C-alpha cells in the first residue's frame, strides 16, 4: 500500500473518531449544564478542546449555545466539528479507490450534513441534544458501513489503528476535562455528571451491572480507564490498537514494525498492570498525561516508519 | 400535463439541425422518451432533476472551487433528457474515428522518426517545428506497438444539414469519460426501464478495455504488472475522474510525490518499501511530467521519469509529444494525412480552417471577422477564443493586434451552427446546442470505441460554447443498437 494512502486512511479514521468524541463530550456537558446546581462553566472544555485564549473563553464560558455553535459549526475554530469532518472527507477523497463506495457516500452525506446551513439555527433555537444525536448517528453509520463493507486488508488495519489511537486519547481527554475543573478531587464532582458521562459513552448499564454500590468516582475511573470489556475504555482501545497493528507484521517492513511494536507493547503492559488505587496515588491527571504522552510517541513512530513519503 | 405544454416552447432556431424535431414532428428515435416524459407531471419531472442533483452530491461527483480559503462543491450541470444517436449514425461515426486515429498514430510515428510527410511536402516543416508541443525528447524513440494515442476524445459537431464534422482531436489527456459512465448510472435511476426498452447499448466496458490495453503495454511480461493512474492531486478539477478510473480498473491512484526513479526505473513508495511500476496512465500534462526535462518548477511530476520511459522500463499513456497532432493548426492537415498514409478519403469532415500565418487566408479572415471563430492553436477548454458574431468592434480590434504579433498561434473557422437537442428547463423542453465526444481506445489489437460518449450542452439560450468552464453542462448519450 502507498505510504500516502496509509497516511490518509489513518487520518480519515482519526478525524472521524475525534468527531464522535467531541459530539459525545458536548452532549454530556450540555446535559449536565442543565442539571447543575451552580452555573455551569464550559471553561475546561474550551481549554482542552480548542485553541481559544483564556480571555476569549471567559466571554462565552457560561453560554452553552454559544459554545455549541463554536464547537460544531464555527469555521474559524480549527477543531470544530465542521472542520474535522471536512478534514476526514478530504482524506477520504484522496483515497477513494481504497475505501468502498458505500463508505465514501456515507462520508459525503456526513459532510453535507455538518455543512447544512440550518445546523447553527437548530443548535441555537431547538433542542441541542436532538441535533447532536443526528450528527452522532451519521458517525455511527460510518462505523457500521466501514465494518460491513471494507476488506480486511492492510488499509483496514490502518483505519483501525487510527481509530483506537484517537479513541484512547479522546477518552483520556474527556475524563480529564472535569477533573481539572474540580482540582483533581474525585469527591467534588456531582454524581449527575458521572451518570451523563456514562450514558453518553453507552456505559451506564455496564456500570450498574459491574459496580452495584451507586456512584463512586473511583469506579467510574476504573471503568473508563481499566475495564477491558468497555469499548470506550483506554485499555480496550490500546488492546485493539495493538491487535490491529500486529496485522502489519508480515507486510514487509520489519525494522519499522519492531520499533512501533515495542512502544505499543510497553504501553499495553503498563496499563494491564495498573489498578485504580495506583492511579489515585499517582494522581489521575498525571496518570492521564503520561498515557497521552506515550500514545503520541506511538503516533510519531507510525509517522516516521510507515507514512514518510515526502 | 398535456403533450402540447411540454413541447409548446420548443422553437428550433432557423437553419439548425435539431436532434429531436424534424418538420415539427418528433423523430423516431426520440418517440419513446418523449412519450415517457409526457406521462409525467411537472412536479414529477422536477423531482427527477432534484434526484439527479442529490445523487451527484452523495456520490461526490463534484469538483471543488476554492474561494476565500473555503472549498465549495460544484456539480457539473446535468440535463436529464438523454441525447440519442441512431445505430446508423453511430456506425458512420465509429468508422470515421477509427480511420482518423489510425492516420494520427501513423503521423506521430512519422514526425518522431523518418518524417516522410515533411520530406514529401505534405506538411511544411515549419508547421511541425513551430508547434510548442513537438518534443525533441521523443525523437527516434520507439514507443510500444507504435501506439502514441492510447486514449482519444474526439469532438464532433453537427452542421445544419445534419452531417458530422470533427471539431477537435484531443490526443493528450482527454477528460470527461467518467461523466459518460456516471451520467448513464444516473439515467438508470431517473428513468426506470427506459434504457432496455429503447435498446440502448451499454458503456460499461470502457474501464475493462482500458485496463486490458494498459496491461498489454507492460515492459515486464508478467501476469500482474503494476499499473497506476497518475493524478495531479485532489485540487485538480478532474480528480473525481482519476479516482473513478483507478477504482473501476482496480489499480493504484498515485501522485507525483508517491513515485521515485532509481536507476531508470520507476517505483512507488509503499508501507513495505518500493514497488516497481510498469505502466503509468498519467493525467498530468507533458510539461509537468518530469522537472528534469520540462518545467523545472513542476511539483506534480516525477524527476527522472523521462529517462525510465526512454529506456523502455515503464510505459506512459498517452505518449508524450502528442500535442503536435492535436494542435489546431496541424488539424487542417489531418484530411491530407488520411490520404497520405491510408490512401483513403476522410469519412468525417473537418471544419474549414484558415491559417493566419498564410497572408492570403489572413486577409480573408480579417475582412470577414463577424462570421468567424478564432482560436489559439495551443489552448483548450474554450479559453482564448473569439466568437466574431458576438464580439464588439473593440474586442475584434484588440484580437487582431494579438494575431499580428504571432499569427502561427491562431486559426480561424467559419462559425458552424451546432445541432440542438432538447433540454428540460422549468417544466418545458427547450432546444440547446450540443456537441459529442466519444472516447476511443487504441490497443495492440486496434481501435475500440465504446458506444456512447459525452454530450456537452450549452445551457444558455443561443450559446454555441459547450465547454464546462464556460457554462456548459452534459447529458447522457444513448447509442441505439437497432
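Summary table
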item	result
Candidate set: region A:83-102, residues that are more than 9 Å from chain B (Cβ to nearest Cβ) and surrounded by fewer than 21 Cβ atoms within 10 Å (Cβ to Cβ); chosen: the one farthest from residue B:229 (Cα to Cα)	A:83
Residue match in region A:106-118 (condition: without any contact (Cβ under 8 Å) to a residue 60 or more places away in the chain and away from chain B (no Cβ under 14 Å))	yes
Every residue from region B:115-155 that is outside any loop (DSSP other than H, G, I, E, B) and over 24 Å from residue B:443 (Cβ atoms)	B:116, B:117, B:118, B:119, B:125, B:126, B:127, B:128, B:129, B:136, B:137
Residue tally, condition within 14 Å of chain B (Cβ to nearest Cβ) and assigned to a helix (DSSP H, G or I), over region A:143-171	10
Residues of region A:281-302 classified as touching a residue at least 40 places away in the same chain (Cβ under 8 Å), more than 15 Å from residue A:234 (Cα to Cα) and either in contact with a strand residue (DSSP E or B) (Cβ under 7 Å, 6 or more places away or on another chain) or exposed (fewer than 15 other Cβ atoms within 10 Å of the Cβ) (or both), total	1
Residue count for region B:403-453, restricted to those that are surrounded by fewer than 22 Cβ atoms within 10 Å (Cβ to Cβ), within 19 Å of the chain's Cα centre (by Cα) and on the phi > 0 side of the Ramachandran plot	0
Qualifying residue in region A:246-267 (condition: outside any loop (DSSP other than H, G, I, E, B), surrounded by 18 or more Cβ atoms within 10 Å (Cβ to Cβ), in contact (Cβ under 8 Å) with a residue 60 or more places away in the chain and out of contact with any strand residue (DSSP E or B) (no Cβ under 7 Å at 6 or more places or on another chain))	no
Check on residue B:165, on the phi < 0 side of the Ramachandran plot and in a strand (DSSP E or B)	yes
Test: residue in region B:307-318 that is within 12 Å of chain A (Cβ to nearest Cβ) and touching a strand residue (DSSP E or B) at 6+ places or on another chain (Cβ under 9 Å)	no
Flag if residue B:300 is within 24 Å of residue B:411 (Cβ to Cβ) and outside any helix (DSSP H, G or I)	no
Filter result (within 21 Å of residue B:152 (Cα to Cα) and either part of a strand (DSSP E or B) or at pLDDT 95 or above (or both)) within region B:445-471	B:446, B:447, B:448, B:449, B:450, B:451, B:452, B:453, B:454, B:455, B:456, B:457
Condition broken by residue B:266, with the remaining ones in (1) within 13 Å of another protein chain (Cβ to nearest Cβ); (2) farther than 20 Å from residue A:251 by Cα; (3) surrounded by 18 or more Cβ atoms within 10 Å (Cβ to Cβ); (4) touching a helix residue (DSSP H, G or I) at 6+ places or on another chain (Cβ under 6 Å) satisfied	(1)
Meets criteria (surrounded by fewer than 19 Cβ atoms within 10 Å (Cβ to Cβ), within 14 Å of chain A (Cβ to nearest Cβ) and either under 30 Å from residue B:274 (Cβ atoms) or modelled with pLDDT of 95 or more (or both)) for residue B:235	yes
Scope region B:65-81; condition within 18 Å of residue A:112 (Cα to Cα) and at pLDDT 85 or above; matching residues	B:76
Filter result (buried (at least 19 other Cβ atoms within 10 Å of the Cβ) and over 17 Å from residue A:25 (Cα atoms)) within region A:53-73	A:57
Test: residue B:253 is assigned by TED's automatic domain parsing to the domain that holds residue B:137, within 11 Å of residue B:230 (Cβ to Cβ) and touching a strand residue (DSSP E or B) at 6+ places or on another chain (Cβ under 8 Å)	yes
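Matching residues to (1) surrounded by 20 or more Cβ atoms within 10 Å (Cβ to Cβ); (2) more than 25 Å from the chain's Cα centre (by Cα):
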| position | (1), (2) |
| --- | --- |
| B:251 | yes, no |
| B:261 | yes, yes |
| B:271 | yes, yes |
| B:306 | yes, yes |
| B:312 | no, yes |
| B:330 | yes, no |
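Okay, residues lined up against (1) farther than 30 Å from residue B:45 by Cα; (2) touching a helix residue (DSSP H, G or I) at 6+ places or on another chain (Cβ under 7 Å); (3) more than 14 Å from chain A (Cβ to nearest Cβ):
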site	(1), (2), (3)
B:188	no, yes, yes
B:200	no, no, yes
B:203	no, yes, yes
B:207	yes, yes, no
B:216	yes, no, yes
B:220	yes, no, yes
B:239	yes, no, no
B:243	yes, yes, no
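A quick yes/no check of all residues on (1) within 14 Å of chain A (Cβ to nearest Cβ); (2) out of contact with any strand residue (DSSP E or B) (no Cβ under 9 Å at 6 or more places or on another chain); (3) under 19 Å from residue B:176 (Cβ atoms):
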{"site": "B:6", "(1), (2), (3)": "no, no, no"}
{"site": "B:21", "(1), (2), (3)": "no, no, no"}
{"site": "B:56", "(1), (2), (3)": "yes, no, yes"}
{"site": "B:81", "(1), (2), (3)": "no, no, yes"}
{"site": "B:88", "(1), (2), (3)": "no, yes, no"}
{"site": "B:97", "(1), (2), (3)": "no, no, yes"}
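The values are calculated or read from the model by the stated rules, or taken from the named source; none is laboratory data. Everything numeric in this text was worked out from a predicted model, so none of it was measured. Note that each Cβ is placed from the backbone with ideal geometry, even for glycine, and that neighbours are counted across all protein chains shown.
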